[in-house]
1. A195 - would you say it is surrounded by fewer than 18 Cβ atoms within 10 Å (Cβ to Cβ) and at pLDDT below 75?
2. Taking H140, is it open to solvent by less than 40 Å² (accessible area, probe 1.4 Å), at pLDDT below 80 and of a type outside the set (A, V, I, L, M)?
3. Going through segment 153-167 one residue at a time, which ones are under 15 Å from the mean Cα position of the chain (by Cα) and open to solvent by 10 Å² or more (accessible area, probe 1.4 Å)?
4. Return the residue satisfying two criteria in turn: it lies in segment 227-263 and is open to solvent by less than 40 Å² (accessible area, probe 1.4 Å) and touching a Pro at 6+ places or on another chain (Cβ under 9 Å), and of such residues it is modelled with the highest pLDDT.
5. Out of (1) of a type outside the set (F, W, Y); (2) farther than 30 Å from G320 by Cβ; (3) part of a loop (DSSP other than H, G, I, E, B); (4) modelled with pLDDT under 75, what's the single condition that is false for L31?
6. How many residues, within segment 355-387, are among the hydrophobic types (A, V, I, L, M, F, W, C), more than 21 Å from L323 (Cβ to Cβ) and surrounded by fewer than 24 Cβ atoms within 10 Å (Cβ to Cβ)?
7. Has segment 321-336 got any residue that is more than 22 Å from the chain's Cα centre (by Cα) and not basic (K, R)?
8. Of the conditions (1) modelled with pLDDT of 80 or more; (2) open to solvent by 10 Å² or more (accessible area, probe 1.4 Å); (3) β-branched (V, I, T), T190 satisfies every one except a single condition; which number is it?
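The values are calculated or read from the model by the stated rules, or taken from the named source; none is laboratory data. Being a predicted model, the structure only gives us computed values, none of them experimental. Cβ atoms come from the backbone with ideal geometry, glycine included; neighbour counts cover every protein chain shown. To get the accessible areas, we keep the full protein, side chains included, count just its heavy atoms, and leave off ligands, DNA and RNA. Shrake-Rupley method; radii C 1.70, N 1.55, O 1.52, S 1.80 Å.
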Amino acid sequence: MTARARRLLWALHTVPGLAPRELDLDLVTRLHGGTALQVERVLAELTVHRQLTAIAPGRWLLLPHRPHQPHAQRYRPAESVPAAVAERVDLLLGWYAGTAVTADRALNPNPWRLATGTHQDQGVGGPWRVDRARAWACGHLSALHVALDVAIARRHEDAPVLAETLWALAAQVRPQLAAEAAERALALPTITVPASWCVVFAARRAAALGAIALTPEQRRAAERAADHALDQAGAGAGGRVLALALTTRAALLARHERDPAALEPAVTALGQALGLLDPDRHRLDRAHAHRVLADVLTAQGEHQSAEEHLRAAVDQARDGGDLLWSGRLLLVQARHTHHAHGPQAALPLLHEAARTLTDRAATADQAGLHELLAAALDGLGEREAAAAHWAQAAHHWVLAREDRAALRAQAHVDRTATPSSPSCSASSAASPTLSGRTA
């Protein structure tokens with residue numbers, strides 16, 4: 001084995017459990033240096049020596065390292081001094097933090113980022129599709145735990161980012177681990193945690209608790225978390241952080257309260273939040289506040305005002321550069337418009353959403369778009385066109401492994417399609433996959 005290959009293999013096994021099992025060219029190039037072609041040659045050599053196995057173009061699986069075997073010591077490079085080890089650990093921690101932030105931005109419906117700190121610049125590459133982010137999170141949670149342990153032990157600057165994204169990703173893909181991840185994050189040594197990060201994290205945690213609150217006890221826990229975030233924000237945090245805490249508390253009221261009079265404090269809080277958020281620098285935060293205010297106004301029967309705030313949320317998300325979120329908000333606005341004004345009024349919004357979500361959305365987003373289009377066209381009497389969209393919705397639900405939703409969409413295909421229509425044959429192609437999983 002060449003010296004280059006030994007050096008890379010040692011870098012990948014620098015800290016037990018820290019090296020990701022799935023490797024891509026970006027990570028390996030960071031660790032190894034040099035050009036992509038040089039790195040690919042080294043990876044090919046390690047594959048021949050059975051240290052890696054190729055699983056897809058540009059992706060490899062790192063096989064378990066067995067240092068007790070007689071030949072293993074040959075792989076230790078001569079220059080494995082503490083400084084070189086520390087540099088490689090820093091590279092790995094930076095890669096984990098950046099990639100976790102990228103996955104979190106795709107999965108987290110409220111893209112709150114700190115105005116200062118590492119969140120802004122830490123994302124890896126362009127935006128991810130939700131299904132890619134979910135797969136990455138599922139495969140890397142255990143390694144993120146190790147990365148956080150290492151970062152805390154080293155009092156590394158990425159510790160807060162790793163802690164928050166570990167919690168946020170766990171809440172999305174492994175809810176049973178989210179509480180433990182939250183407690184670990186809140187227990188970070190204070191020297192590594194900016195005060196503003198604590199408040200944003202507390203607000204995000206309250207929002208997640210509110211989203212899953214099914215019992216009165218869970219609701220009270222979410223409200224306590226939101227009150228805690230407000231208390232922290234009122235203790236000297238900046239205006240943007242206070243706005244996020246106010247928005248979180250209002251969102252909990254909007255989710256669980258149905259009495260219009262009881263929602264007035266939420267309207268007041270959201271007005272305060274929008275007043276604290278800069279129209280140019282905090283567009284995504286303003287989009288979230290407008291979205292929550294639209295929910296509150298809808299519950300109060302103020303449908304015209306709710307539509308205006310939904311449109312403002314769409315515009316703010318788009319101007320803030322988050323086209324995926326903008327497309328999702330358009331789907332919410334289209335659903336609201338269909339309910340208030342009928343299917344004809346919703347169609348332009350759905351076509352705008354289709355243009356925005358192209359090549360960005362996860363399969364579940366595409367399925368939701370086709371369902372709304374199908375419902376609108378069905379309401380206008382265009383049954384054949386509606387059947388085609390129901391068939392597309394069923395297809396995307398199957399890809400998203402949402403079998404109940406796929407069965408529901410398939411029932412609409414059977415109701416609206418004629419036997420000779422293309423949608424009938426398209427939906428039947430998906431049926432064997434679905435029936436094979438539900439049998």
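1. So A195 passes the test.
2. When the stated conditions are applied, H140 does not pass them.
3. Residue satisfying the conditions is W167 alone.
4. In this case the residue turns out to be A250.
5. Evaluating L31 over (1) of a type outside the set (F, W, Y); (2) farther than 30 Å from G320 by Cβ; (3) part of a loop (DSSP other than H, G, I, E, B); (4) modelled with pLDDT under 75 leaves (3) as the failure.
6. First pass over segment 355-387, keeping only residues among the hydrophobic types (A, V, I, L, M, F, W, C): 357, 361-362, 364, 367, 369, 372-377, 380, 385-387.
Those still in the list that are more than 21 Å from L323 (Cβ to Cβ) too: 374-377, 380, 385-387.
Filter once more, keeping what is surrounded by fewer than 24 Cβ atoms within 10 Å (Cβ to Cβ): 375, 377, 380, 385.
So the count comes out to 4.
7. yes
8. (1)
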